[in-house]
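Visitor: One structure, pasted below without further comment.
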Amino acid sequence: MRTWNRVLLASGMMTTIMVGCALNESLSKDEETAALERLTCEALTDEPVELDECETLAPDADVAELVSRVGEDAGLHRCATLHLPIVERERIDAEVAARMASVAPGSSNVTSGTIPVYVHVITDSAGKGGPTSQQITNQMNVLNSAFAATGWQFSLAGTTTTANNAWYTCSGGTCETEMKNALRQGSADDLNMYLNNMGGGLLGWATFPSSYASQPKMDGVVVLTASLPGGSAAPYNLGDTATHEVGHWMGLYHTFQGGCARKASGGDGVSDTPAEKSPAYGCPTGRDSCRNLPGVDPITNFMDYTDDACMNTFTAGQDTRMDQMFTTYRAGK
């Protein structure tokens, strides 16, 4: 029998499914990491085929032990940007393919540019908990360095500061809707970044380009203030939580999406990011979780879950995908 709670984050709400098994009360470091990888895998998808693969990552007893010690939201670590349903991913692929087919060579396919960024600082009602202006400047520098090779850059268009206790600790749901409806600026090709002290052990989340048309006010990224350069969220305090979430906003999926059971273009829709069975933590050099497929795990990729100091790469395929997503869903919208 299983005794842990499988936690799934859906539309800002957590649904808990009770299951049961015997506890393993002494986990090694490797066993604990594997249990965390499984919890994360299960937290990000509702697809049965993907959940089946998640279950191969760690035994039930190890997961139950980890949850008993650190809580049922252990899997919602680093990024809460959910994997889209397979039918939604297929629809997006078809729309992007149609848009690219309509673009004459050398004409309206957007391959680079400078994106205006509106930063919304959320503090508690006493005005405490926000970043310094230097941290915001440093965060912009980190983004521009990370995306430099792709041709995309970011320019601070404005900063707002709002003191609101509910928004300060918001981790999705009604508070997110209220916050974004009140503060969002610009159009589809303007990035809105919300900085707060979100709960639940999260570092951030983002919306995808394809959701803008139906929910324009919800578009943007939410980032833990303590993850900005110089913040207190070590080893995630060099600014690459924002890089990761902006990658989602530009249309990228997690490198481990789809695990080892994936098509040639990968579960992330990119052919030059090697398959990865589960998110990587720390900086596990040489990790190869899909031994029957080419390449070691892309642990240095900005769309994995490794420490900020380990991340330094967007691939050429990811660059192309960002260009295509921006052209299809953001440019001029």
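The values are calculated or read from the model by the stated rules, or taken from the named source; none is laboratory data. If you're wondering where the values come from, they're calculated on a predicted model, not measured in any experiment. All Cβ positions, even for glycine, are placed from backbone atoms using ideal geometry, and neighbour counts span all protein chains on display. Surface accessibility is based on the protein's heavy atoms, side chains included, excluding ligands, DNA and RNA. Shrake-Rupley method; radii C 1.70, N 1.55, O 1.52, S 1.80 Å.
Visitor: Are any residues in region 298-322 open to solvent by less than 20 Å² (accessible area, probe 1.4 Å) and among the aromatic types (Phe, Trp, Tyr), and if so, which ones?
Guide: Within region 298-322, Phe302, Tyr305 qualify.
Visitor: Only residues in region 177-195 that are within 19 Å of Ala242 (Cβ to Cβ) count as the first member; pair them with residues that are open to solvent by less than 10 Å² (accessible area, probe 1.4 Å) and polar (S, T, N, Q), Cβ under 8 angstrom, at least 6 apart or cross-chain, and list the lot.
Guide: Lys180/Asn192; Leu183/Asn192; Arg184/Asn192; Gln185/Asn192; Gly186/Asn192
Visitor: Among the listed residues Ala206, Ala157, which satisfies the condition of being open to solvent by less than 20 Å² (accessible area, probe 1.4 Å) and touching a Phe, Trp or Tyr at 6+ places or on another chain (Cβ under 6 Å)? Reasoning before the result, please.
Guide: Values: Ala157 fails: open to solvent by less than 20 Å² (accessible area, probe 1.4 Å).
Just a single option satisfies the conditions, and that option is Ala206.
Visitor: I would also like to ask the following. Using beta carbons and a limit of 9 Å, which pairs, at least six apart or on different chains, have the first residue in region 85-97 and more than 18 Å from Leu44 (Cβ to Cβ) and the second one aliphatic (A, V, I, L, M) and surrounded by 12 or more Cβ atoms within 10 Å (Cβ to Cβ)?
Guide: Val96/Met325
Visitor: On the basis of being among the aliphatic types (A, V, I, L, M), at pLDDT below 95 and open to solvent by less than 10 Å² (accessible area, probe 1.4 Å), does Val270 make the cut? If you could, list the steps in order and put the result at the bottom.
Guide: On the way: among the aliphatic types (A, V, I, L, M): yes; at pLDDT below 95: yes; open to solvent by less than 10 Å² (accessible area, probe 1.4 Å): yes.
So Val270 fits the description; yes.
Visitor: Here are some conditions: (1) under 25 Å from Thr111 (Cα atoms); (2) without any contact (Cβ under 8 Å) to a residue 24 or more places away in the chain. Ala275 meets all but one. Which one does it not meet?
Guide: (1)
Visitor: Being at pLDDT 95 or above, more than 15 Å from the chain's Cα centre (by Cα) and not polar (S, T, N, Q) narrows it down to one of Pro216, Pro209, so name that one.
Guide: Working: Pro209 fails: more than 15 Å from the chain's Cα centre (by Cα).
Checking each option against the conditions leaves just Pro216.
Visitor: Right, next: I'd like to know if region 145-167 contains one or more residues that are under 20 Å from the mean Cα position of the chain (by Cα), under 18 Å from Ser232 (Cβ atoms) and modelled with pLDDT of 95 or more.
Guide: Checking region 145-167: not a single residue is under 20 Å from the mean Cα position of the chain (by Cα), under 18 Å from Ser232 (Cβ atoms) and modelled with pLDDT of 95 or more.
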